[in-house]
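As structure tokens, the structure follows; a few thoughts come after it.
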2 protein chains.
Amino acid sequence: MKSFTKKQCHKVDYCELKQFCKEVFMALKLSKADALISAEVLVEADLRGIPSHGVGRLWRYVNGLRTGQMLPEPHTEIVRETAGSIVVDANGGMGAPVSSKTMQMIIDKAETNGSAFGCVFNSNHFGIAGYYAMLALEHNMVGLAMTNTAALGVPSFGRQVMFGTNPLAFCAPANTEKAFVLDMSTTVVSRGKIEVYDREHKILPENWAVDKTGHSATDPGKILKDMFYRHGGGILPLGGEGTQHGGHKGYGLAVMVDILCAVLCGAPSGADICDTETSSARVSHFFGAIKIDCFREPAEFRADMDKMLRRLRATRPAEGEERVYYAGLKEFECEKTVIEQGVPLSLATFDSLKKIAEEFKLSFPS
Amino acid sequence: MKSFTKKQCHKVDYCELKQFCKEVFMALKLSKADALISAEVLVEADLRGIPSHGVGRLWRYVNGLRTGQMLPEPHTEIVRETAGSIVVDANGGMGAPVSSKTMQMIIDKAETNGSAFGCVFNSNHFGIAGYYAMLALEHNMVGLAMTNTAALGVPSFGRQVMFGTNPLAFCAPANTEKAFVLDMSTTVVSRGKIEVYDREHKILPENWAVDKTGHSATDPGKILKDMFYRHGGGILPLGGEGTQHGGHKGYGLAVMVDILCAVLCGAPSGADICDTETSSARVSHFFGAIKIDCFREPAEFRADMDKMLRRLRATRPAEGEERVYYAGLKEFECEKTVIEQGVPLSLATFDSLKKIAEEFKLSFPS
């Protein structure tokens with residue numbers, strides 16, 4: 001599923017695709033600025049080779065805005081603020097605009113305070129966490145972004161979903177090397193991957209998910225259904241079942257993300273967050289930035305990052321493997337190709353976008 | 001190896017054990033205060049059921065102090081400081097005293113700045129990361145502690161050690177519940193676990209370590225030797241081999257820890273950090289504290305933490321399992337038992353302590 005053959009996909013110019021998404025959001029009453037940022041975060045996911053978070057999801061936002069689950073012009077409110085912190089009530093708006101603005105404010109605060117952090121609650125799906133963390137890079141800061149999600153993850157030795165796939169992103173700038181950008185769910189896999197196995201009628205690898213008994217199971221359709229209706233079972237934390245391969249560590253990381261996103265600002269957490277058939281979960285996010293020059297001259301930091309990252313990608317590969325990457329490198333390389341050659345869209349995504357174009361009487365990039 | 005039978009272990013009163021360690025450190029020219037903190041961190045590991053980081057390692061510190069790898073009275077220096085940050089050159093001192101003092105300074109800074117972070121470089125092994133993170137708890141802060149270690153970890157698709165077991169600790173206070181304390185290496189397991197399998201002539205589970213080819217291997221003795229002499233092979237990142245179970249995530253977390261501990265303050269990182277037969281690696285650490293009341297009333301935060309943690313430990317266990325824990329709970333329960341019943345010491349540890357007692361002409365707790 002990672003690469004598309006000619007027959008299976010269309011390629012669309014990324015600027016035109018972003019413009020199209022922006023027009024759809026504007027037709028749904030988002031301001032021009034909010035529409036742009038919402039479009040940008042979506043297309044950025046496709047650019048970086050993460051189509052599960054890209055324009056294939058546009059219809060979900062269209063639905064969300066139509067049903068009122070997501071508000072196009074929410075009354076966003078700062079509910080607590082200090083020189084180094086901010087708590088924002090998104091009041092049901094789209095995730096991307098409020099997240100982007102909050103991260104910008106955090107970066108401004110970190111500029112004078114050295115470091116700054118913020119929570120956003122009453123929000124919606126914000127796309128890829130890495131997008132917001134990466135806003136810190138050009139300011140000579142390390143960036144941090146996290147979000148909780150609908151509960152899909154099962155604790156070590158448990159059998160019920162108690163936390164989301166709770167991604168965390170961390171990034172640090174380099175100089176000539178591409179930045180280090182870690183953007184990972186804290187579960188073994190995201191729900192999207194299990195859906196792909198289901199569509200392709202494949203059984204899951206062991207140690208991705210558990211069934212109602214709490215033990216590793218491999219039928220993707222059954223797991224998705226039982227997980228959605230909370231019949232028991234769900235996705236395993238990073239490290240897998242039990243503790244032998246460190247499942248308790250992934251479980252701990254997922255709860256850490258939930259504490260920072262939700263408990264720190266009084267938002268719902270854990271099993272209280274759920275999607276329904278007609279709406280997606282209200283989620284909360286956590287962002288942070290730390291200024292490098294509090295610790296060291298940024299130019300020296302960047303030069304040492306170059307050395308570290310170059311050594312990592314130059315390390316000898318395992319037998320049968322071609323390359324060793326570092327976090328974010330593959331995505332930057334993908335971005336370059338996609339900008340040159342166009343965004344590859346699966347037939348399903350292409351059709352869903354065409355349908356949206358027709359509904360809104362917008363022209364879709366050919 | 002987790003529990004000891006009567007014949008295999010001695011139990012020693014924890015206060016007396018701490019006093020003994022303190023006297024050993026004082027005999028090795030540490031100040032009374034530094035000796036106390038060094039003893040406390042060691043015994044705390046045994047209290048929390050982490051004997052791999054406990055008094056069984058006292059002989060290593062004795063050796064380190066005798067050979068000059070660790071200095072008893074180092075010229076510790078603050079090399080950069082702002083209202084919210086600090087960089088400390090430990091100048092080869094013991095890890096525990098400088099780490100404890102730095103974390104205290106960070107907590108003081110966070111009290112006025114909202115958040116604060118610090119690096120310590122030119123340091124030595126600091127024991128359990130959780131100890132320092134937990135210093136933040138009574139100040140209504142979340143705490144953070146990390147360290148890099150001698151390189152033992154192999155990147156996804158690689159075959160050479162390029163980073164340490166790089167633990168990270170994160171903690172958040174609750175009210176009536178025990179605090180949430182995540183303290184985890186970012187590799188599947190630590191070297192200590194592989195040593196245990198070697199001593200017991202057992203083969204390793206798949207997906208813990210790789211050999212010179214870069215693929216999963218199960219002979220602990222061979223892996224330890226090849227890893228030490230850098231012949232190829234080493235421990236896998238959390239998530240295991242390749243990317244199918246998220247090994248690239250553990251790899252990314254390990255590098256993140258190295259960036260914050262080392263690149264941020266200009267200290268050696270990655271494969272440059274190594275133990276030799278006569279000395280252990282100079283390592284660096286990263287600490288942080290974020291004040292809860294920048295985001296929310298701490299009492300409300302603690303009450304919500306109670307709710308979250310109570311639900312996690314009350315969730316239904318998998319078939320055949322008795323309990324679900326949250327990060328830190330098992331360790332707090334262990335601490336209670338050990339304080340009441342004494343610190344269980346393996347025969348090997350007991351003998352090594354007796355030998356140290358004889359050398360220094362100190363009485364060892366019976």
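Taking a probe of 1.4 angstrom, what is the accessible area of residue A:337 in Å², to the nearest 10?
Surface accessible to solvent at residue A:337 totals approximately 60 Å².
What ranking of B:316, A:310 comes out by heavy-atom accessible area, probe 1.4 Å, highest first?
I get B:316, A:310, largest accessible area first.
Using just the Cα positions, wrap the range B:1-153 in a convex hull and report its mean projected area in square nanometres, one decimal place. Don't skip to the end; give the middle numbers.
Working: hull surface 41.9 nm².
Mean orientational projected area (the range B:1-153, Cα hull): 10.5 nm².
What is the average number of partner chain Cβ atoms found within 10 Å of a Cβ in A:154-162? Display every interim value, and only then the final one.
Values: counts 3, 8, 6, 9, 10, 7, 6, 1, 6.
The shielding value for this peptide is 6.
State in Å² the accessible area per residue of the range B:188-232; use a 1.4 Å probe, count heavy atoms of protein chains only, and round to the nearest integer. Write down the numbers at each step before the final one.
Working: 2340 Å² over 45 residues.
It amounts to 52 Å² per residue over the range B:188-232.
Short version: ³J(HN,Hα) in whole Hz for each residue of the range A:343-352, in order, from phi by Karplus 6.51 cos²θ - 1.76 cosθ + 1.60 (θ = phi - 60°), x for Gly and Pro, what are they?
Values, residue by residue: 7, x, 10, 5, 4, 4, 5, 4, 5, 5 Hz.
Would you mind giving the mean number of other chain beta-carbons within 10 Å of the Cβ of each residue in B:104-117, as a whole number? Spell out each step's value before the answer.
Numbers: counts 0, 0, 0, 0, 0, 1, 2, 0, 1, 7, 10, 11, 5, 7.
That average works out to 3.
If you average the alpha carbon positions of the range A:125-156 and of the range A:6-72, how far apart do those two centres end up, in angstrom?
Here the two parts' Cα centres lie 19 Å apart.
For the range B:1-93, with every protein chain kept in place, what is the accessible area per residue (1.4 Å probe, Å²)?
Normalised by residue count, the accessible surface of the range B:1-93 is 49 Å².
Can you flag which of A:29/A:336; B:222/B:330; A:18/A:336; A:18/A:249; A:22/A:336; B:193/B:336 are past 27 Å Cα-Cα?
A:29/A:336; B:222/B:330; A:18/A:249
Could you work out, for the range B:75-147, what percent of all Cα-Cα pairs fall into each 5 Å distance bin, beginning at 0 Å and stopping at the bin that holds the largest distance?
Going from the shortest bin to the longest, the percentages are 3, 18, 30, 25, 16, 6, 0.
Give me the inter-chain shielding for A:165-177: mean count of other chain Cβ atoms within 10 Å, whole number please.
Averaged over the peptide's residues, the number is 2.
Considering only protein heavy atoms and a 1.4 Å probe, what is the carbon-and-sulfur percentage of the accessible area of chain A? Intermediate results must be reported in sequence, preceding the final value.
Values: 7400 of 14500 Å².
Carbon with sulfur: 51 percent of the solvent-accessible area.
How high is the relative contact order of chain A, in percent, with contacts defined as C-alpha pairs under 8 Å that are six or more residues apart?
Details: 820 pairs, mean separation 82.2, N = 366.
It comes to 22 percent, rounded to a whole number.
Convert each backbone phi in the range A:210-217 into a coupling constant with the Karplus relation 6.51 cos²θ - 1.76 cosθ + 1.60 (shift: θ = phi - 60°), then list the ³J(HN,Hα) values in order as whole Hz, x for Gly and Pro.
Residue by residue, the range A:210-217 yields 10, 9, 4, 7, x, 10, 3, 9 Hz.
What relative contact order, as a whole-number percentage, does the range B:1-99 give when Cα pairs under 8 Å and 6 or more residues apart are counted?
Value for the range B:1-99: 21 percent.
Find every distance from the label point of residue B:339 to the corresponding label point in the other copies (7 Å from Cα along Cα→Cβ) and write them in nm, one decimal, shortest first.
In ascending order, 5.8 nm.
Taking Rh as the Kirkwood radius, which is the inverse of the mean 1/r over Cα pairs, what is the Rg/Rh value for the protein assembly as shown?
0.97
May I ask for the net charge around residue A:320, where only other residues with Cβ less than 13 Å from the Cβ of residue A:320 are counted and Lys, Arg are +1 while Asp, Glu are -1?
Working: positive: A:316, A:323, B:159; negative: A:319, A:321, A:322, B:241.
Neighbour charge sum, excluding residue A:320 itself: -1.
If I build a Gaussian network model for chain B, linking alpha-carbon pairs within less than 10 angstrom, which residue out of B:158, B:288, B:320 has the largest mean-square fluctuation?
For chain B, modelled as a Gaussian network with Cα springs under 10 Å, the answer is B:320.
Tell me, for chain A, which Cys residues have no other cysteine's C-beta sitting closer than 4.7 Å.
So far as the 4.7 Å Cβ criterion goes, A:9, A:15, A:21, A:171, A:261, A:274, A:294, A:334 stand without a partner in chain A.
More than 19 Å apart: what percent of Cα pairs in the range B:1-88 qualify? All intermediate terms of the calculation are to be shown ahead of the outcome.
Details: 1913 of 3828 pairs.
Of all Cα-Cα distances in the range B:1-88, 50 percent exceed 19 Å.
Just the number, please: Stokes-Einstein D of the range A:275-366 in µm²/s, Kirkwood Rh from C-alpha pairs, 20 °C, 1.002 mPa s.
114
What is the gain in length, in nm to one decimal, between residue B:337 and residue B:359 on full extension, counting 0.36 nm per residue of separation less the C-alpha to C-alpha distance?
So the extension gain works out to 4.8 nm.
How big is the A-B contact in terms of buried accessible area, both chains counted, 1.4 Å probe, rounded to the nearest 100 Å²?
Summed over both sides, the interface buries about 7000 Å².
Based on the Cα atoms of chain A, what semi-axes does the equivalent ellipsoid have, where each is the square root of 5 times one gyration tensor eigenvalue, given in whole Å with the largest first?
28, 26, 25
Just add up the charged neighbours of residue B:267: K/R +1, D/E -1, any other residue whose Cβ is under 11 Å from the Cβ of residue B:267.
Once all neighbours under 11 Å are counted, the net charge is -2.
Select the chain A residue whose beta carbon lies nearest to the rotation axis carrying chain A onto chain B, and write the distance in whole Å.
A:115, 2
May I ask you to derive the FRET efficiency for residue A:244 and residue A:195 from their Cβ-Cβ distance with R0 = 30 Å, giving the value to the nearest 0.05?
According to the calculation, E is roughly 0.60.
When Lys and Arg each count +1 and Asp and Glu each count -1, what net charge do the other residues less than 10 Å away from residue A:93, Cβ to Cβ, add up to?
In short, -3.
Across the range B:219-347, how large is the tail of the calculated P(r) beyond 27 Å, expressed as a percent of all Cα pairs?
Numbers: 4417 of 8256 pairs.
Cα-Cα pairs in the range B:219-347 separated by more than 27 Å: 54 percent.
The values are calculated or read from the model by the stated rules, or taken from the named source; none is laboratory data. No experiment lies behind these values; they were computed from the predicted model shown. Glycine gets a Cβ as well: all are built from the backbone with ideal geometry, and neighbour counts include every protein chain shown. Surface areas here come from the heavy atoms of the whole protein model, side chains and all, with no ligands, DNA or RNA. Shrake-Rupley method; radii C 1.70, N 1.55, O 1.52, S 1.80 Å.
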